[in-house]
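A short write-up of the structure that comes next.
The values are calculated or read from the model by the stated rules, or taken from the named source; none is laboratory data. Source: prediction; values computed, not measured.
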C-alpha cells in the first residue's frame, strides 16, 4: 500500500496508511427505517431543523417476585402524562384528607419531664399534714410572743407558749427528718422495677438452711418449695401438671414398708438383722452371704460387716403376730442386743 519514493522527490513525504472503519452491525430483528418519498423528504428536512421531542415508551411490566417497589407517585405520572382520570380523582381525595395535624414542635406528647415530677396523691395533702400544722404553729407563736393574751382560740395546736423550747426536736426545726411526729412522705417518686422470672435463690440456704456469707449474701435466702411460673407452664405443656397430685398427699401405711420375708431365703425372718442401707435379712442368711461377698444382697452396697438387730421390724412383727393371736415367738426376748460381730 505504501508508495515508493522516486529519487527526484524529497524525503519530507511520509508514507500514510488508510484503515477502513468497520460499519455498525444492524440487529437481525430490527426493522429498517422506511425510505420516504422525495416529496416527503423536503418536509422532513424542514422538520429536522426544529426541536424534536422524544417520548420514552413505557415498558411492559413483568411480574418478578424478587423485585419489590412502592406505588408510583401521582406527580411522576402527571409529569409523563400517564395519569388516568380515576387516578386523578383518587389523588385529589388523598391530597385533601388530613390524618394528623402536626404541632410544629419537637416536644414529647406527655409532660416535658416525662412524669419525673408527678405527685403521689394518696398521702395527706401537703397543706394539711403534720409538718404544715407544725410550721403554722411556729409562725403563730412568733407573732404572739411578747403580747398579752387576746382570748382568741386558734386551735388545739396553736396555744400560746410563754417559754420557747430549745435543744429539742420540737424547737425551731421544721424539716421532715429532725422534728417530732409523722414524717412527710416524698412527693416525687421514680421506681425502677425489674421483673425477675428466674430469681437468684441461695442454693446452700435452700438445701441446708445455712449460708457462709450470712446477711451479706447477694442471693435470696428462701427455703420455700413453691414452683415458679415457668415450671408450672412446662408441666402444663408436657401434660404432667396435677397427674400425681393425689399420690403426693397420700399418707402411706407403715406396714407396706415392712418386708414380710427374707430376701435371700424367701422364708419368715429368723432373728432379723438390718444393714446400713436399710435392707432386712435373717441373721444366718446375712452371715452366709457375707462369706461370699461383703456387699448387700439387694443393692450391692458395701456393708463393712455391720449387721444391727432389726428392732423396729421385730416389734412390728410381734405386734402383727399378737393381733392374729399367734403362738410362740421366734425372736429373742431382749431385742436390745449388740450388733453381731463378724470373725
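A few points about this structure:
- The helices (runs of 4 or more DSSP H) found wholly in region 205-296 and carrying at least 3 residues that are over 29 Å from the mean Cα position of the chain (by Cα) and at pLDDT below 90 occupy 245-248, 283-292.
- Here residue 299 fits the description: under 30 Å from residue 321 (Cα atoms) and within 58 Å of the chain's Cα centre (by Cα).
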